[in-house]
Amino acid sequence: MTRWGSTALLPLLLVLAACGSASVSSPPSGVDELVIPTPGPDPADFVDTVDNPWFPLEPGTTWTYTVNDTAGAHPMTVTVEPGPEVAGVPTTARVTTEGERVLTDWFAQDDRGNVWWFGREDSWEAGVDGAEAGLAMAETPRVGDGYRPAFAPGVSEDTATVTSLDDRVTVPVGTFETLLVDGRSELEPGVHTEWSYAEGLGLVAEQVVSGSYRSVRLERVEP
């Protein structure tokens with residue numbers, strides 16, 4: 001599973017783009033007025049900052065997490081940097097460092113407050129080799145919303161579904177009422193992950209429900 005969009009915002013339900021991936025028995029249910037993934041983002045639809053309260057990317061912020069997995073407990077940090085222009089859209093980079101592994105993902109927010117995932121450095125990029133930007137976070141998440149966080153054939157073929165708006169999670173930094181998102185991958189059918197987002201903070205917890213053991217908990221946010 002790829003671990004973590006407009007388009008001219010058309011009055012349509014979310015639909016899967018006509019891509020070359022294998023069909024799935026239960027496609028994402030949709031998000032009103034969004035076409036996800038987007039085959040042709042319009043730069044005029046995007047703003048310079050990512051300040052969605054569920055997925056904030058404020059420059060200068062550092063999130064520090066504790067990860068527990070089969071290798072034991074270790075830290076993970078997330079920082080924010082300027083990103084490149086992708087598919088004509090200026091992006092913000094979210095840099096995740098876990099041991100020697102560094103993942104740099106590119107995001108941009110549209111003028112309605114929806115955050116889109118435009119690619120991952122050295123992995124995939126919207127507009128290249130059939131890859132398309134997907135939805136990282138809706139402006140107003142609703143239970144039952146289903147969407148693709150991104151689509152890159154053979155690299156990122158994930159789906160996400162909002163399952164709760166009032167799940168309660170306790171992590172080292174505090175106890176929060178959270179947005180719960182269920183993530184699955186067509187490339188790894190046995191993997192099922194849940195992400196918990198706190199308003200104003202972003203991701204506070206990640207839990208692999210099925211697949212290799214992995215638990216992520218937010219320790220602190222600076223400043």
If the requirement is being buried (at least 21 other Cβ atoms within 10 Å of the Cβ) and over 12 Å from the mean Cα position of the chain (by Cα), which of these qualifies: Ala138, Ala131?
Ala131
Kindly list, by first and then second residue, each pair from a residue in region 147-160 that is under 16 Å from Gly127 (Cβ atoms) to a residue that is among the aliphatic types (A, V, I, L, M) and not in a loop (DSSP other than H, G, I, E, B), limited to pairs with Cβ atoms under 6 Å and residues at least 6 apart or on different chains.
Ser156/Ala150
Selection within region 31-61 - of a type in the set (Gly, Ala, Ser) and more than 14 Å from Asp111 (Cα to Cα):
Gly40, Gly60
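Listed here are the residues, each with its yes/no results for (1) hydrophobic (A, V, I, L, M, F, W, C); (2) under 21 Å from Gly127 (Cα atoms); (3) at pLDDT below 95; (4) touching a Leu at 6+ places or on another chain (Cβ under 7 Å).
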| site | (1), (2), (3), (4) |
| --- | --- |
| Ala8 | yes, yes, yes, no |
| Val15 | yes, yes, yes, no |
| Gly20 | no, yes, yes, no |
| Ser26 | no, no, yes, no |
| Ala71 | yes, no, yes, no |
Just to check your reading of the model, which residue among Val155, Val102 is closer than 18 Å to Leu57 by Cα and surrounded by fewer than 18 Cβ atoms within 10 Å (Cβ to Cβ)?
Val102
How about region 33-58: which of its residues are at pLDDT below 95 and under 19 Å from Pro141 (Cα atoms)?
Glu33, Leu34, Val35, Ile36, Pro37, Thr38
Selection within region 209-219 - modelled with pLDDT under 95 and either closer than 14 Å to Trp63 by Cα or not hydroxyl-bearing (Ser, Thr, Tyr) (or both):
Val209, Gly211
Of everything in region 191-223, what is over 25 Å from Thr79 (Cβ atoms) and either over 16 Å from the mean Cα position of the chain (by Cα) or not in a strand (DSSP E or B) (or both)? Give them in sequence order.
Val191, Val209, Ser210, Gly211, Ser212, Tyr213
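The values are calculated or read from the model by the stated rules, or taken from the named source; none is laboratory data. What you see is a predicted model; the values in this text were computed from it and never measured. We place every Cβ from the backbone using ideal geometry, glycine too, and count neighbours over all the protein chains shown.
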